[in-house]
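The block underneath contains the structure these notes are about, expressed in structure tokens.
The values are calculated or read from the model by the stated rules, or taken from the named source; none is laboratory data. The shown structure was predicted, so the numbers you read here are calculated from the model rather than taken from an experiment. Here the Cβ positions follow ideal geometry from the backbone for every residue, glycine too, while neighbour counts run over all protein chains shown.
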Amino acid sequence: MSSAPTLRRSFDPPAANHLWRGVRFALGLLSMTVVLVGCGGTSAVGKATVKGKVLVSGQPPVSGSSIQFVAPDGKETSSAIIGDDGGYVITNAPIGECKVTVKGGTPPAVTGAAAKDMPGMKSGGVAVPAKYAQPGQLTCNVKKGNNTQDFDLTP
């Protein structure tokens, strides 16, 4: 009879229940990790490179302007800063008929003596008309691989 209490202690139902609860938690955590890893992130598949120039009436836009390509479904975007010469390169652009937006500020008003006192300050660049900040004014049919697309914006 003395062995009965020993058996009872080696198989303690509350301890076994606690063990199974931990196993179920670990399996649930593993399942969620698999689901999240399988659904998350983007890859370079279905992406392209687009390069070109953006000009406003034949002149480069103000320094710091940007260009953005919006996927046909509106869920993905890629953007780049436009260089001082109007050039841009977008990597990982979405494939398809993308809506394009161009945003820029007002060029700095640095002229005359003030321009001479601030040699590092750029006084060039043309303001980007506000209408190009809205999707739909510009489009680009992006194909897989390398693409070239220039935009000459009008006021």
Handout entry: the range 67-79, residues that are surrounded by fewer than 18 Cβ atoms within 10 Å (Cβ to Cβ) and not in a loop (DSSP other than H, G, I, E, B)
Key = THR77, SER79
Exercise for the section: Please find, among SER57, SER43, the residue that is at pLDDT below 55 and under 30 Å from THR139 (Cβ atoms). Expected result: SER43
